[in-house]
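Beneath this line is the structure, given in structure tokens, with notes to follow.
Laboratory data are not the source of any read-out in this text; all were calculated from the coordinates shown. Treat the numbers as computed from the prediction; the structure is a model and nothing was measured. Here the Cβ is made from the backbone with ideal geometry for all residues, glycine too, and neighbour counts use every protein chain on show.
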Amino acid sequence: MFYEQILLVEGLLLAIHAGILVCLVALQESSRRRDLWAAAAGFLSGLACLGRGNFLMVVPVLAVACAVAPAIARRGNLPQSPTGSKPWAEIQNPRSKITNLAPVAVYLLAFVLPLSLTLWRNHYVSGQWVLITNNGPVLLYLGNASDSLGTSHYPASYFKVIKRYGSQYATPWLKELAEDVRAHPAEFIRLMLRKAWLFWNSYDIADNASYYAGKQFSWVLQWNPVAWLTVVPLAALGVWETRRQWRRQTILYAYATAFAISIILVSITGRYRLGALIPMLVWAGAGLAAIARELGARQWKGAGIRCGAAAVGIALLWPVWSPEVWRNVPEGQKGWRLVRGMDYANLALAYMDTNQRPRARKLLESIFDAYSLDFHVATQLAHLYIEDKQPNKGVSVLEPVLKTVGGDYYALIILAHAYYHAGQKTKAMMVVQQVLRENPNYEPALKTFEVLKAEGVAPEIMP
């Protein structure tokens with residue numbers, strides 16, 4: 001359900017992550033029900049790992065923070081809370097020591113509970129002891145190989161390794177990654193720096209759902225000021241403004257740092273990093289409060305300095321500085337693109353599925369010039385032309401793309417259909433045979449081959 005384009009798992013995960021932080025902060029500052037707060041935080045942490053496996057890297061950091069945060073906060077010896085709402089002595093735990101391991105033990109036990117259920121289930125079904133899923137090693141390779149882009153992308157080395165071992169599941173991905181890193185240490189460091197910049201830059205790298213494609217249809221998204229571009233610079237200001245109260249923010253520091261690293265170590269996608277916005281919103285509130293305080297006191301210089309610092313941060317995180325943006329620009333084209341061609345193709349497919357064919361065609365035709373080398377866009381547009389009894393247009397759209405940059409089997413079959421309906425049945429047979437040589441069991445190619453054969457089109461031998 002949560003991978004059906006709209007109901008993505010991030011919607012649920014954001015609520016779970018916020019709940020974890022609420023429980024851990026309550027555990028830090030409360031002297032009552034500490035075991036209940038720890039148990040709730042641990043159980044939610046286990047659920048968070050089921051939603052996205054990278055959180056397994058965050059949990060040990062949170063456990064350590066859970067152990068030391070109360071003592072660190074108490075050592076601040078502040079007379080009252082930063083908000084001034086109650087004396088500090090009322091919210092600190094008078095029994096806390098340098099470390100308080102009892103809540104940590106409860107946290108870890110509760111964390112194990114939901115994971116133990118999936119561990120049992122996986123062993124029962126497959127006979128293998130798999131904690132959550134078994135795709136962690138391959139994802140680490142895809143995001144960290146020397147020829148990786150650090151995003152949702154299959155590098156050339158991935159296919160070479162699979163060919164050597166025979167299948168993805170027989171490949172020791174961690175071993176292959178370790179050997180690759182040893183052979184290319186400089187590339188690994190460069191890739192880590194690139195991914196760190198991709199993570200903090202405001203450009204939202206699409207995967208399954210595109211923020212920029214959605215903005216076209218929602219005034220809320222178009223005009224909403226609460227976005228990565230504004231929140232993160234304000235959060236940096238808020239961290240500076242609350243630096244003297246750092247002892248009470250141990251949990252937030254630990255979560256923000258560990259969560260960012262857990263994503264950067266794998267691969268960067270816009271929706272994967274959304275959890276980082278939770279502590280950022282807290283700090284952004286502190287940043288805005290500092291600006292409002294200066295304005296209320298008519299301290300124009302202080303307000304100007306703070307607004308200027310936020311503006312500099314917005315300029316630094318502006319999407320145009322993202323290396324992923326520049327990678328998306330076709331060679332010879334000016335400007336930069338914010339949405340992948342595949343996102344437009346998926347949107348057009350949704351229009352077709354809901355019987356809005358004119359809108360689908362208008363969308364694809366309007367952006368084809370900017371995405372003339374994107375086979376997803378060309379494939380969907382050619383498909384529409386074929387159904388509209390304009391197969392020659394389908395050929396003219398799709399043929400140059402496949403000859404220049406290539407495409408998948410589906411795109412080749414659509415080209416074969418365009419050839420067929422345009423009366424070029426021999427060419428259609430040649431394309432179908434090309435697909436069958438590479439994938440003899442591809443069902444659309446087999447069906448098209450039988451249709452052509454039934455019409456007396458002889459198989460051709462391609463050079």
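Of note:
- Across K195/K427; K362/K425; K393/K447; K215/K447, pairs whose alpha-carbon gap is larger than 32 Å: K195/K427; K215/K447
- From the alpha carbon centroid of region 238-261 to that of region 346-362 is 46 Å.
- Least to most buried among K301, K195 (fewest other Cβ within 10 Å first): K301, K195
- A cut-off under 12 angstrom between Cβ atoms defines the neighbours of A196, and their net charge, with Lys, Arg +1 and Asp, Glu -1, is +4.
- Within the chain, the longest run free of exposed loop sites, counting chymotrypsin sites (Phe, Trp or Tyr not before Pro) that sit outside DSSP helix and strand states (H, G, I, E, B) and have at most 15 other Cβ atoms within 10 Å, spans 337-463.
- Relative contact order of the chain, pairs being alpha-carbon contacts under 8 Å that are 6 or more residues apart, as %: 12
- The string of couplings for region 289-296 from the Karplus curve (6.51, -1.76, 1.60, θ = phi - 60°) is 4, 5, 5, 4, 4, 5, 5, x Hz, one whole number per residue in order, with x for Gly and Pro.
- Restricting region 356-422 to trypsin sites (Lys or Arg not before Pro) in coil, as DSSP defines it, with at most 16 other Cβ within 10 Å: K389
- Look at the dipole of region 341-454 built from charges on Cβ: of H376, V431, L402, the Cα furthest out on the positive end belongs to V431.
- Rounded to the nearest 20 debye, dipole of the chain from Cβ charges on Lys, Arg, Asp, Glu: 1720
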